[in-house]
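Novice: Pasting in a structure now, in structure tokens, and then I'll have a few things to ask.
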Amino acid sequence: MSGARFRVKVCGMTRQADADMCIRHGAGMLGFIFHPASPRNIAPEDAAAIRTPGVVRVGVFVSQGVGEVQDIMARAGLDIAQLAGDHDRAACMAIGPQRVMRVFRPEVHARRAGLEAELAAFDGAMALALLDAGIAGGGHGRTLDFAGLAGLRSPTPWLLAGGLSPQTLPAALEQCAPDGVDLNSGVESAPGRKDEVLVGQALALLRGA
């Protein structure tokens, strides 16, 4: 972990009350999902209406091209585009390296060297990397092999995602020491409905780690 620079993102915002609660518990980043197949999908105008003072606003994109990503970012008032599709380095550069968090999927690679090579190929084209389970598309709600990511070499700070909850966070932090975490399904009572008890437990655990 990186002390004061540790990033905590709670994704899948659909309601003002949930955004307020996550901010109250100390989340520094909130995510809005723009993917029709997701039960947490939100329209840009609805995302814009959710106020998040002092918090970094992240939009999650899977199938959109650069132009559509930029349009939604402007309409929804977003700071960062989390690119979870097959967006290449050129797409990241077009959106702006400081405005990109690109998603990488360790399970695509037979060996960790492949993942590290992919991360290196995007050096300078993104502000943050995010590692998630699955081999394509949006989030899958299950955890990665934490021990398999221990000592990962990444030129860019990286966040760990994938089914993280108050139960799985201690092992994640101990075994792979990410630069931040992305919480979603593991702190919900239902898709798109954050559970204040779980959010509070998770963020208290992160503060104390």
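The numbers here are math on the coordinates, done by the rules we state, and not lab data. What you are looking at is a predicted structure, and each value in this text was computed from that prediction instead of being measured. So basically every Cβ, Gly included, is an ideal-geometry build from the backbone, and we count neighbours across all protein chains shown.
Novice: Over the range 81-170, what per residue volume does the convex hull of the Cα atoms give, in whole Å³? Don't jump to the answer; show the numbers that get you there.
Specialist: On the way: hull volume 8.4 nm³, N = 90.
Considering the Cα atoms of the range 81-170, their hull volume per residue is 93 Å³.
Novice: Cα atoms only: what Rg and Dmax, in Å, come out for the range 1-74?
Specialist: Taking only Cα atoms of the range 1-74, I get Rg and Dmax of 12.8, 36 Å.
Novice: I've got another one for you. What stretch of the chain, leaving out the sites themselves, is the longest with no trypsin sites (Lys or Arg not before Pro) in a DSSP loop having at most 14 other Cβ atoms within 10 Å? If you can, show how the numbers build up before the last one.
Specialist: Working: sites that count: R15, R51, R111, R142, R153.
Of all site-free stretches, the longest is 52-110.
Novice: Turning to a different aspect of this structure: Indicate, rounded to the nearest 5 percent, the antiparallel portion of the DSSP beta bridges found entirely in the range 3-208.
Specialist: 5 percent
Novice: Working from the alpha-carbon coordinates of the range 3-208, get Rg over Rh, Rh being the Kirkwood radius. Write down the numbers at each step before the final one.
Specialist: Details: Rg = 15.6 Å, Rh = 16.8 Å.
Using only Cα positions, Rg/Rh for the range 3-208 is 0.93.
Novice: Using alpha carbon centroids, what distance separates the range 35-97 and the range 155-209, in Å?
Specialist: 21 Å
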